[in-house]
Amino acid sequence: MTETSFVPLNWQELTLRLSIAFIVGATIGLEREIKSKPAGLRTNILVCFSSALIVIVPIQIGAAQQNLDVLGRVISGVITGVSFIGGGTILRDPDRVKGLTSAAAIWVTAVLGITIGCGLLWLGIIGATVTWVVLRLFAIWEKKL
C-alpha cells in the first residue's frame, strides 16, 4: 500500500504529477472535442492541470504538512470554482436541458486533478479511465437503446 505524505516535492515528482494531470485532462478533453461539446480539449486540460497545481501549492510551502485543513480548504475552493464553470456549460432549450454531461466532465476532471496533485497517481489514472469509458462507450450504448 502506498502512503501519501504532504512534504514538499522534488522537481521530478512535481513534473510527474503535473504531466499526468495534463495527460488526463487532454484525454477527457479530446473525447469531448471529438464530439464537439462545449468544454473540449483546452478547457479540460486547464481544469485538470490547474486543480493539480493549486493542490500542490500548500504542499510545496509546507502548509499541508503543518495543518491538513489548509489542503481541505483549497480542495473545497477548487470544487466551488469549477462548479461555477460547469454551470456555464448547461443550456436549457424549451424541451430539454443540454450540457449536463459536459458540466459533469469538467467537475470530474477537476477532481482527477486534485487526486493527482495529492499524489494519488494510480487513483487518478483509474478514475480517468473510468471517465473515458463512461463518456465514450456509454454514449455508444445509449444510442443503441
Exercise. So which residues in the stretch 36-67 are assigned to a loop (DSSP other than H, G, I, E, B) and more than 18 Å from the chain's Cα centre (by Cα)?
Worked result: Ser36, Ile61, Gly62, Asn67
Problem set entry | Qualifying positions in the stretch 102-114 - of a type in the set (S, T, N, Q) and either closer than 11 Å to Leu53 by Cα or over 8 Å from the mean Cα position of the chain (by Cα) (or both) | Ser102
Problem set entry | Cross-chain or 6+ apart pairs with Cβ under 9 Å, the stretch 105-120 first and at positive phi, then assigned to a loop (DSSP other than H, G, I, E, B) and small (Gly, Ala, Ser) | Gly119/Ser5
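Only one residue in Gln12, Gln65 is at pLDDT 95 or above and of a type in the set (S, T, N, Q). Which one?
Criteria check complete, one pass: Gln12.
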For this session: May I ask you to list the residues in the stretch 105-145 that are touching a Ser or Thr at 6+ places or on another chain (Cβ under 8 Å), of a type in the set (Gly, Ala, Ser) and in a helix (DSSP H, G or I)?
Result: Ala105, Ala110, Gly113, Gly117, Gly124, Gly127, Ala128
Problem set entry | Hits in the stretch 68-104 (condition: outside any helix (DSSP H, G or I) and either touching a Leu at 6+ places or on another chain (Cβ under 7 Å) or closer than 17 Å to Ser5 by Cβ (or both)) | Ile90, Lys98, Gly99
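The values are calculated or read from the model by the stated rules, or taken from the named source; none is laboratory data. Every value quoted in this text rests on a predicted model; they were computed, and no experiment measured them. Backbone-built Cβ (ideal geometry, glycine too); neighbour counts: all protein chains shown.
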